[in-house]
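Structure first, then comments.
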2 protein chains.
Amino acid sequence: MSKPAEHRPPGKVWLVGAGPGAVDLLTVRAVRLLAEADVVLHDALIGDDVLSLAPQAKHIAVGKRCGKHSTAQRFINQKLIHAARTHARVVRLKGGDPMLFGRAQEEMDALAAAGIEYEVVPGITAASAASAQLRVSLTRRGIARSVALLTPRAGEGEHPSQALRANADTPTLALYMASHESMAIARKLMSYGRDPATPVALVENASHPASREAFTTLQGLSEQPIGALLGTAGTPEGPVLVMLGEVFREILQQHTLLWQDNSTSAA
Amino acid sequence: MSKPAEHRPPGKVWLVGAGPGAVDLLTVRAVRLLAEADVVLHDALIGDDVLSLAPQAKHIAVGKRCGKHSTAQRFINQKLIHAARTHARVVRLKGGDPMLFGRAQEEMDALAAAGIEYEVVPGITAASAASAQLRVSLTRRGIARSVALLTPRAGEGEHPSQALRANADTPTLALYMASHESMAIARKLMSYGRDPATPVALVENASHPASREAFTTLQGLSEQPIGALLGTAGTPEGPVLVMLGEVFREILQQHTLLWQDNSTSAA
């Protein structure tokens, strides 16, 4: 593995999707690039088992979870450019897929402006992992020919409801980074005309052994915070994907029946 | 590897996403399951290099590309159940991600009805692979907080424009299985109010060495068939992902400038 050197041409950066969390849901290409990397700049949510795929590389945590996004992003861009100027092979490891809610464009633009070569390696996004875990297809003939992936988090100059309003009618919705505002989101979707009886599936930490699932309706989502629905005390620790649509009706009914059975046995 | 046996309990089925085509974009889990499989039932579009990951398994092509979907699907379900009743480890290998446009629900329902155990392994979907190849993020702060994945193919009891109408306002669209109807789709999206100047990116065979790309506007998409835009004679052989939205404005402008430069040099 090459050593840092300030005076040679810059190295190359791979923006790599780490997938949802399970280490064997990384792609073969991602595993190879991690094994060959000199430096890995990674999000806060990337697990130690994934990072152990790059044992010889320098690991730099650059993750941010909430807070001052813009400042943090500029800091990450600088770190990334510095890493490429001092190392031959730099992996920027992002949870899920870099091209979906990964703010990869800002990092790619910064690399291009600095004259640094880069490539993108796709990863499994949370919606694919969560639906695989639930064994519910996000699309289904006769029920859902489209799925919208969205985040209610607003950027500068955006209204937070914009993405919700544009997709209120999409048959299947997968909401990323929505757990803090889930009650307000549910109320908004109903105010845009979405049926309060629409089935909702929540998956925390999709693909992890410690994953939690919960099922409710849009009305139910509007009435309790995510933590209460998932049976955790307070805010869930892991990322939660909020999914909704008619494709989840059967799994909701199964869990409702199960719950009724348990209540009857307990009574 | 276990031999077929008609009289023991049924085996287990893994519905596995093969990703967009590049063999190193399979997940580590998919590669392991293929190596351990007794039978692999695969779509028509799965490449020989991917199938060679299961050299000891029986390979059964069950893919359909167009035509009588419902009949074909019942036939696939029967083949899958038969395979699980005669083999211990069955992999059902699907292009992309099984839970997105893979008709996995029909296969899972058939397996459940037959009392056969199954799991789903997610794969890289074409939208992730195509955007990685183009190095354009599908979401972007201030421009696109949501992306809709959809197909204009209609099922029984559905109107073909349903998915298009529900998502006409979504900032980024990725249209699967849309190449045969691309001109009509573009006209419909414009009739639903989408700006004719909306940038469009076409990617045939995302992630393959033989991938082709083309860039135009929604107006341009309405005026020429996909093959002409991609520079192929007739219909493209590989699957084409049609993507559109403001996130593609920069790459469209770069290609337009390149084209103008070439025209000027040639003149």
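For segment B:112-127, how many residues meet the condition of being buried (at least 23 other Cβ atoms within 10 Å of the Cβ) and under 18 Å from B:Leu93 (Cβ atoms)?
Count: 7.
So which residues in segment B:202-228 are within 20 Å of B:Gly95 (Cβ to Cβ) and either surrounded by 21 or more Cβ atoms within 10 Å (Cβ to Cβ) or of a type in the set (Phe, Trp, Tyr) (or both), if there are any at all? Outline the logic, then answer.
The first filter runs over segment B:202-228 and keeps only residues within 20 Å of B:Gly95 (Cβ to Cβ), leaving B:202-213, B:226.
Hits for segment B:202-228 are B:Leu202, B:Val203, B:Glu204, B:Asn205, B:Ala206, B:Ser207, B:Ile226.
Being among the hydrophobic types (A, V, I, L, M, F, W, C), within 11 Å of chain A (Cβ to nearest Cβ) and part of a loop (DSSP other than H, G, I, E, B) narrows it down to one of B:Ala206, B:Ala210, so name that one.
Values: B:Ala210 fails: within 11 Å of chain A (Cβ to nearest Cβ).
Result: B:Ala206 is the single residue among B:Ala206, B:Ala210 that is among the hydrophobic types (A, V, I, L, M, F, W, C), within 11 Å of chain A (Cβ to nearest Cβ) and part of a loop (DSSP other than H, G, I, E, B).
A:Thr170 - would you say it is among the polar types (S, T, N, Q) and under 30 Å from A:Gly142 (Cβ atoms)? Step through it out loud before you land on a result.
Values: among the polar types (S, T, N, Q): yes; under 30 Å from A:Gly142 (Cβ atoms): yes.
Here the answer is yes, as A:Thr170 does meet what is asked.
Suppose we keep only residues that are within 14 Å of another protein chain (Cβ to nearest Cβ) and more than 16 Å from B:Ala214 (Cβ to Cβ) within segment B:174-193. Which one would you say is surrounded by the most Cβ atoms within 10 Å (Cβ to Cβ)? Even if it seems obvious, please write down each step before you answer.
First pass over segment B:174-193, keeping only residues within 14 Å of another protein chain (Cβ to nearest Cβ): B:174-178, B:181, B:185, B:188-189, B:192-193.
Imposing the further condition that a residue be more than 16 Å from B:Ala214 (Cβ to Cβ) reduces the set to B:176-177, B:181, B:188-189, B:192-193.
Working: B:Tyr176: 23, B:Met177: 18, B:Glu181: 16, B:Lys188: 18, B:Leu189: 26, B:Tyr192: 14, B:Gly193: 8.
Among residues in segment B:174-193 that are within 14 Å of another protein chain (Cβ to nearest Cβ) and more than 16 Å from B:Ala214 (Cβ to Cβ), the one surrounded by the most Cβ atoms within 10 Å (Cβ to Cβ) is B:Leu189.
Working carefully through the options B:Ser207, B:Ser211, B:Ser191, find the one that is more than 20 Å from B:Leu138 (Cβ to Cβ) and among the hydroxyl-bearing types (Ser, Thr, Tyr).
Working: B:Ser207 fails: more than 20 Å from B:Leu138 (Cβ to Cβ); B:Ser211 fails: more than 20 Å from B:Leu138 (Cβ to Cβ).
Being more than 20 Å from B:Leu138 (Cβ to Cβ) and among the hydroxyl-bearing types (Ser, Thr, Tyr) holds for just one of B:Ser207, B:Ser211, B:Ser191, which is B:Ser191.
With respect to B:Ala129, determine if the residue is more than 7 Å from every other protein chain (Cβ to nearest Cβ), of a type outside the set (D, E, K, R) and touching a strand residue (DSSP E or B) at 6+ places or on another chain (Cβ under 8 Å). Talk me through it step by step, then tell me what you get.
On the way: more than 7 Å from every other protein chain (Cβ to nearest Cβ): no; of a type outside the set (D, E, K, R): yes; touching a strand residue (DSSP E or B) at 6+ places or on another chain (Cβ under 8 Å): yes.
Judged against the criteria, B:Ala129 is not a match.
What number of residues within segment B:12-30 are at the interface with chain A (Cβ under 7 Å from one of its Cβ atoms) and within 14 Å of B:Asp48 (Cα to Cα)? Lay out the reasoning, then the answer.
Step one: filter segment B:12-30 for residues at the interface with chain A (Cβ under 7 Å from one of its Cβ atoms), giving B:24-29.
Restricting the remaining residues to those that are within 14 Å of B:Asp48 (Cα to Cα) gives B:24, B:26.
So the answer is 2.
Report yes if some residue within segment A:84-95 is within 12 Å of chain B (Cβ to nearest Cβ), crowded, with 18+ Cβ neighbours inside 10 Å and more than 21 Å from B:Arg145 (Cβ to Cβ); otherwise report no. Walk me through it before giving the result.
Let us first name the residues in segment A:84-95 that are within 12 Å of chain B (Cβ to nearest Cβ), namely A:94.
Narrowing further to those that are crowded, with 18+ Cβ neighbours inside 10 Å: A:94.
Of the ones still in play, those that are also more than 21 Å from B:Arg145 (Cβ to Cβ) are none.
Taking every residue of segment A:84-95 in turn, none turns out to be within 12 Å of chain B (Cβ to nearest Cβ), crowded, with 18+ Cβ neighbours inside 10 Å and more than 21 Å from B:Arg145 (Cβ to Cβ).
Do the conditions hold for A:Ala163, that is, is it within 18 Å of B:Ala148 (Cβ to Cβ), within 17 Å of the chain's Cα centre (by Cα), more than 7 Å from every other protein chain (Cβ to nearest Cβ) and not in a loop (DSSP other than H, G, I, E, B)?
Numbers: within 18 Å of B:Ala148 (Cβ to Cβ): yes; within 17 Å of the chain's Cα centre (by Cα): yes; more than 7 Å from every other protein chain (Cβ to nearest Cβ): no; not in a loop (DSSP other than H, G, I, E, B): yes.
Judged against the criteria, A:Ala163 is not a match.
If B:Asn262 satisfies every condition in (1) at pLDDT 90 or above; (2) surrounded by fewer than 15 Cβ atoms within 10 Å (Cβ to Cβ) but one, which is the exception?
Condition (1) is where B:Asn262 drops out.
Any residue in segment B:180-200 that is assigned to a strand (DSSP E or B) and on the phi < 0 side of the Ramachandran plot?
Taking segment B:180-200 and keeping what is assigned to a strand (DSSP E or B), we get B:199-200.
Restricting the remaining residues to those that are on the phi < 0 side of the Ramachandran plot gives B:199-200.
Yes: one or more hits.
I'm trying to understand the selection: among the residues of segment B:212-239, which are at pLDDT below 95 and among the hydroxyl-bearing types (Ser, Thr, Tyr)?
Those that are at pLDDT below 95 and among the hydroxyl-bearing types (Ser, Thr, Tyr): B:Thr232, B:Thr235.
Of all residues in segment A:132-150, how many are buried (at least 21 other Cβ atoms within 10 Å of the Cβ), assigned to a loop (DSSP other than H, G, I, E, B), facing another protein chain (nearest Cβ under 7 Å) and touching a strand residue (DSSP E or B) at 6+ places or on another chain (Cβ under 9 Å)?
Adding up the residues that qualify gives 4.
I'm trying to understand the selection: among the residues of segment A:24-47, which are surrounded by fewer than 19 Cβ atoms within 10 Å (Cβ to Cβ) and modelled with pLDDT of 95 or more?
Hits for segment A:24-47 are A:Asp24, A:Val28, A:Arg32, A:Ala35, A:Glu36.
Assess whether B:Val247 counts as being crowded, with 21+ Cβ neighbours inside 10 Å, in a strand (DSSP E or B) and in the same structural domain as B:Ala144 (by TED's automatic domain parsing). Write out each step before concluding.
Working: crowded, with 21+ Cβ neighbours inside 10 Å: yes; in a strand (DSSP E or B): no; in the same structural domain as B:Ala144 (by TED's automatic domain parsing): yes.
No, not satisfied.
Have a look at A:Ala61, A:Ala44, A:Ala72, A:Ala113 and point out the one that is under 20 Å from the mean Cα position of the chain (by Cα) and without any contact (Cβ under 8 Å) to a residue 12 or more places away in the chain.
On the way: A:Ala61 fails: without any contact (Cβ under 8 Å) to a residue 12 or more places away in the chain; A:Ala44 fails: without any contact (Cβ under 8 Å) to a residue 12 or more places away in the chain; A:Ala113 fails: under 20 Å from the mean Cα position of the chain (by Cα).
Of the residues listed, the single one that is under 20 Å from the mean Cα position of the chain (by Cα) and without any contact (Cβ under 8 Å) to a residue 12 or more places away in the chain is A:Ala72.
The values are calculated or read from the model by the stated rules, or taken from the named source; none is laboratory data. What you are looking at is a predicted structure, and each value in this text was computed from that prediction instead of being measured. Counting neighbours? That spans all protein chains shown, and the Cβs are built from the backbone with ideal geometry, glycine included.
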